[in-house]
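In what follows, a structure is listed as structure tokens, so that the remarks can point back to it.
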Amino acid sequence: MRLIADSGSTKTDWLLLDQDQIVCEYQTVGLNPYLNTKESIMDVLRNDLLANFCAGNIKSTTSIEFYGAGCSVKSKSKLIEDALHCFFPFADISVSHDLLGAAKAACGNKPGIAIILGTGSNSCYYDGENIVNNVMSLGYILGDEGSGCYMGKKLLQDYLNKDMPENLRKLLFDDKRVTAEIIFDNVYKKVRPNKYMASFSEWIGQNIKAHKYLQDLVFQSFDDFFKQHIIKYEKYKSLPLNIVGSVGYAYQDILRKVATKHGCNISTIIKSPLEGLIK
């Protein structure tokens, strides 16, 4: 049997296949080696994945493909690989960047620009087999334009600075009970501040139709992503854009408008790469 995992900074989707049949699927927290130690990764595998997902299938799992955020550097991907080997000693294990998984899922065997727009953001030029060029993603502190985290950060900045319409500011407080103290605690003291900021993307989606401010915020976030990433690829206007991720999928109407502004053609938008990876 074959285990496939797609891991972002927020969640990891696991899928166990017997030939082309899905045996079971499960979800754990994200396993980003920049945000997790080997010990914390092993704790998730032991106490969450194996306890609820595929403990009875360990010996029959002969292949594992793990595509994860933060796994582009060998020293970081090895943290994931070593942890998996501890629990799946009989499996051939391959750990690759989540961007490669997204490219395989969205582009298949055709060239194009592959894009991740989820909790974080990233992009690459994919030649149908390999990533040939990657405009570096700087992560949630220095970059992640167009992502859920980026949108949430902009929303919270405007909330704290009173740079959003007062009626919307009141609605955000009534719905989320956010205060400066709560925001600062979650951003500067607690773990996974990127996940906290990205959680506000869902609230944006719930209220976007009624508020032009939110429509403009999402548009500007995607526009920042195109300016910092997409237009830096050679022949970006002639290459199909293939997008993976919950944020790109949720706001695809606005995303297509931004692409049109920059003279780009969006070919594919999918919420999760797993379906494409199975194919």
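Once region 220-257 is narrowed to residues that are of a type in the set (V, I, T) and in contact (Cβ under 8 Å) with a residue 60 or more places away in the chain, the residue that is surrounded by the fewest Cβ atoms within 10 Å (Cβ to Cβ) is I230. The set of residues from region 181-219 being without any contact (Cβ under 8 Å) to a residue 12 or more places away in the chain and among the aromatic types (F, W, Y) comprises F184, Y188. If you go through region 85-100 and pick out every residue that is hydrophobic (A, V, I, L, M, F, W, C), at pLDDT below 90 and within 16 Å of I41 (Cα to Cα), you end up with 3.
Taking every residue in region 153-166 that is assigned by TED's automatic domain parsing to the domain that holds A198 and pairing it with any residue that is outside any helix (DSSP H, G or I) and among the charged types (D, E, K, R), at least 6 positions away or on another chain, the pairs with Cβ-Cβ distances below 8 Å are Q157/D163. Selection of helices (runs of 4 or more DSSP H) fully inside region 170-279 by the criterion of at least 2 residues being more than 26 Å from V29 (Cβ to Cβ), at pLDDT 95 or above and in contact with a strand residue (DSSP E or B) (Cβ under 7 Å, 6 or more places away or on another chain) returns 252-261. Sub-9 Å Cβ pairs linking a first residue in region 131-147 that is not assigned by TED's automatic domain parsing to the domain that holds Y236 to a second residue that is in a loop (DSSP other than H, G, I, E, B) and buried (at least 21 other Cβ atoms within 10 Å of the Cβ), at least 6 apart or interchain, number zero.
Within region 1-38, the set of residues being touching a residue at least 60 places away in the same chain (Cβ under 8 Å), out of contact with any Gly (no Cβ under 9 Å at 6 or more places or on another chain) and not in a strand (DSSP E or B) comprises M1, D20.
The values are calculated or read from the model by the stated rules, or taken from the named source; none is laboratory data. Predicted model, so just to flag it, every value in this text is computed and none were measured. FYI the Cβ positions are ideal-geometry reconstructions off the backbone, even for glycines, and counts take in every protein chain you see.
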